[in-house]
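Just so it is clear, none of the values below were taken in a lab; they were calculated from the coordinates. These numbers come from a predicted model, not from an experiment. All Cβ positions, glycine included, derive from the backbone under ideal geometry; neighbour counts span all protein chains shown.
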Amino acid sequence: MKKKINFFTFVFLLLVWLSAASAQESADKLFQIKGFCIGAPSSQGVDRFVKFINEELAPRGVNTLLVLIDYNYQFESYPQLRDSAALSKADVKKMVAACRKNKIKIIPQINLLGHQSWANHPNKLISEFPQFDETPEVKMPEKYVWPNNDELYCKSYCPLHPDLHKVVFAVVDEICDAFESEAFHAGMDEIFYLGSPKCPRCSGIDKAVLYADEVTRIKNHLAEKNRELWIWGDRLIDGKSTGIGFWEASYNYTYRAII
């Protein structure tokens, strides 16, 4: 025998459903960006990555995909900056097509300013252009440990080197064109080396000014092609007053850049 739902139970279930629907609508309005951040695949892994977009991200309502590219692309403007087994333009177009089909905004990232090395090796930019290194006197160790005498976490480039932005902006424009993107993520997080006292250009300049000027310089360049700048926000948080940590916030006063 089938059980009938009485009127009061029906009203209660209806109110629960309406409340859930209203909460979902409010959440959708409040959290308009449903993002996912992931490292770029290898060239061999692109088809699997496209499958991941179609079968995992899209069904979950992800509408923004941040892909950490750095130098994992076959740059034509500066081919020497390519990582080994870098993505081709055809690889990127597969990812772009999958995102377009699923109405996902795809944003490429290249770490600018900081994260110019990792552990005991420099990245492609300062490896190929060592003159851009903010702290050339700090040599990469054979074996990396933290803490260390040089306070080396990751290298930074010198934001005031006169030849830097010609190179940086060329690869930024190229990767944005390849991804057909309306935004670019510049990283700019966890910057420990900035305004080095031994740098002939940056020494004595307020670190907050150096940081703010570099953010503005990148933002203005992107704006020329109607693109917006995204960055991580940890360098704009006062680490000492919040006490949240050396990596999670700034202890070298870059947080004042936001003023």
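All other residues with a Cβ under 12 Å from the Cβ of residue 177 taken together, and with Lys, Arg as +1 and Asp, Glu as -1, what is their net charge?
Values: positive: 89, 93, 225, 227; negative: 76, 173, 174, 180, 182.
Neighbourhood net charge equals -1.
Taking every eigenvalue of the Cα gyration tensor of segment 114-259, multiplying by 5 and rooting it, what semi-axes result, largest first, whole Å? Each step should come with its number before you reach the end.
Working: eigenvalues 115, 76, 45 Å².
They are 24, 20, 15 Å, listed from largest to smallest.
Using the basic label-point model (7 angstrom from Cα toward the beta carbon), what is the residue 128 to residue 240 distance in nanometres?
4.0
Around residue 54, under 13 Å between beta carbons, what's the net of Lys plus Arg minus Asp minus Glu among the other residues? Numbers along the way, then the final one.
Details: positive: 48, 51, 60, 94, 100, 101, 103; negative: 47, 55, 56.
Local charge sum for residue 54: +4.
Out of residues 5 or more away from residue 183 or on other chains, whose amide H comes under 5 Å of its own, with H placed 1.01 Å from N in the peptide plane?
Amide H neighbours of residue 183: 228.
Decide, for the chain, between rounded, prolate and oblate: order the square roots of the alpha carbon gyration tensor eigenvalues as a ≥ b ≥ c, take rounded if a/c falls under 1.5, and otherwise choose prolate if a/b is larger than b/c, else oblate. Walk me through the intermediate numbers first.
Working: a/c = 2.40, a/b = 1.69, b/c = 1.42.
Cα axes put the chain in the prolate bin.
Which helices, counted as full DSSP H runs in the chain, have an axial Cα extent of no less than 15 Å and a Kyte-Doolittle average of 0.5 or above? Provide the component values of the computation, followed by the final result.
Working: long enough: 7-30 (34 Å, 1.14); 89-101 (18 Å, -0.42); 164-179 (23 Å, 1.20); 207-223 (24 Å, -0.12).
The qualifying helices are 7-30, 164-179.
For a Förster distance of 22 Å, can you work out the FRET efficiency between the beta-carbons of residue 47 and residue 76, rounded to the nearest 0.05? Don't skip to the end; give the middle numbers.
On the way: r = 24 Å, r/R0 = 1.07.
Here the calculated transfer efficiency is 0.40.
Highest mean first, what order results for 186-193, 248-255 on Cβ atoms within 10 Å?
Numbers: 186-193: 21.2, 248-255: 19.8.
Result, highest mean first: 186-193, 248-255.
Could you check the simple spin-label distance between residue 166 and residue 144, using points 7 Å along Cα→Cβ, in nm with one decimal?
A separation of 3.0 nm, rounded to one decimal place.
For every other residue with a beta carbon closer than 14 angstrom to the beta carbon of residue 211, add +1 if it is Lys or Arg and -1 if Asp or Glu, then tell me the sum. All intermediate terms of the calculation are to be shown ahead of the outcome.
Working: positive: 207, 217, 219, 235, 256; negative: 134, 189, 190, 206, 213, 214, 234, 238.
Result for the local shell: -3.
In percent, how large is the relative contact order of segment 65-183, given Cα pairs closer than 8 Å and 6 or more residues apart?
On the way: 152 pairs, mean separation 37.0, N = 119.
Once normalised by length, the contact order is 31 percent.
Return the aspartates and glutamates within reach of residue 93: Cα separation strictly under 12 angstrom, same-chain partners fewer than 8 residues apart disregarded; answer none if there are no such residues.
Result set, ordered by chain and number: 47, 177, 180.
Using Cα pairs closer than 8 Å and at least 6 residues apart in sequence, work out the relative contact order for the chain, in percent.
Working: 382 pairs, mean separation 38.9, N = 259.
Computed value for the chain: 15 percent relative contact order.
Rounded to the nearest 5, what is the percent of antiparallel bridges among the DSSP beta bridges in the chain?
On the way: 3 of 20 bridges.
About 15 percent, rounded to the nearest 5.
What nm distance separates the two modelled labels at residue 137 and residue 217, each placed 7 Å from Cα along Cα→Cβ?
2.2
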